[in-house]
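Reviewing the structure listed below.
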Amino acid sequence: MVDTSKVKLRIENIVASVDLFAQLDLEKVLDICPNSKYNPEEFPGIICRFDDPKVALLIFSSGKLVVTGAKSVQDIERAVAKLVQKLKGIGVKFRRAPQIDIQNMVFSGDIGREFNLDNVALTLPNCEYEPEQFPGVIYRVREPRAVILLFSSGKIVCSGAKSEADAWEAVRKLLRELEKYGLMEEEEEEL
């Protein structure tokens, strides 16, 4: 069993797609959404920012949304509920309750130890390392689908997970691989 007791993960961003099951008149929506931009020649939707919860919403006339910048699933749910209340105020009719689908969660974290990335890249399968282009090893997890960026400091970024449980499972798989190939037991270099 892999020890994750020293590993810390923190949600940095959640992106969700939402279907409101309603057609929207974007000109009317613009009137009820302060902190919004709408220029149909540049982009076919409204870019709206909420301060509480702190998220950005892309609102389309089809009733589809993209919500980004959230730090929790509850923030997304609160933002969607807030928008629905505003839309009800201008007479929008909904065919059913909104459907929220998490598309991507990004976590930052720390494994709690340093790594020699050259050794990691030469030993670990499913990874890429081009230090001239990017200072971290890119490790791809197939199931659950996620990408983990591993830096020499032991800091990590996990992207592509659909849930916090998936992110933890991806990190456990990385740690198992690091242990399997003896990369967790590296001796500290003596000065």
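The values are calculated or read from the model by the stated rules, or taken from the named source; none is laboratory data. All of these numbers come straight from a predicted model, not from anything done at the bench. Glycine gets a Cβ as well: all are built from the backbone with ideal geometry, and neighbour counts include every protein chain shown. Ligands, DNA and RNA are excluded from the accessible area calculation, which covers all protein heavy atoms including side chains. Shrake-Rupley method; radii C 1.70, N 1.55, O 1.52, S 1.80 Å.
A few notes on this one:
- Among residues other than ASP51 with Cβ under 13 Å from its Cβ, the summed charge is +2 (Lys and Arg +1, Asp and Glu -1).
- In terms of the mean number of neighbouring beta-carbon atoms within 10 Å, the peptides 63-70, 23-30, 157-164 order highest first as 63-70, 157-164, 23-30.
- Rounded percent of accessible protein surface that carbon and sulfur make up, the chain, 1.4 Å probe: 49 percent
- Dividing the summed -39500 (n - 2.57) terms of all DSSP H runs of n ≥ 4 by the residue count of the chain sets its mean residue ellipticity at 222 nm at -8000 deg cm²/dmol.
- Computed 3J(HN,Hα) for the range 99-108, one whole-Hz value per residue from the Karplus formula 6.51 cos²θ - 1.76 cosθ + 1.60 where θ = phi - 60°, is 10, 10, 10, 6, 9, 7, 10, 10, 10, 10, glycine and proline marked x.
- Under 5 Å between amide hydrogens, built in the peptide plane, is the criterion, and for GLN103 it picks out VAL15, ALA16, SER17 among residues at least 5 positions away or on other chains.
- Think of a 1.4 Å ball rolled over the protein heavy atoms: the chain then has 58 Å² of accessible area per residue.
- Anchor LYS64: aspartates and glutamates whose Cα lies under 12 Å away (excluding residues fewer than 8 positions away in-chain): ASP19, ASP101
- For ILE111, the residues whose amide H sits under 5 Å from its own are LYS155, ILE156, ignoring neighbours fewer than 5 places away on the same chain, with H placed 1.01 Å from N.
- Net charge dipole size for the range 11-131 [Lys, Arg +1 and Asp, Glu -1 on Cβ; Debye, nearest 20]: 880 debye
- Backbone HN-Hα couplings from phi across the range 81-93 [Karplus 6.51/-1.76/1.60, Hz, Gly and Pro as x]: 4, 5, 5, 4, 4, 4, 5, 4, x, 10, x, 5, 9
- Among ILE90, ILE76, ILE156, the largest mean-square fluctuation in a Gaussian network model of the chain, built with springs joining Cα atoms closer than 10 Å, belongs to ILE90.
- Between the beta carbons of VAL2 and SER163, assuming R0 = 25 Å, the FRET efficiency works out to 0.85 to the nearest 0.05.
- Modelled spin labels at ALA81 and GLN23, positioned 7 Å past Cα toward Cβ, are 3.0 nm from each other.
- Residue of ARG95, ARG172, ARG49 that the Gaussian network model of the chain assigns the largest fluctuation, springs spanning Cα pairs under 10 Å: ARG95
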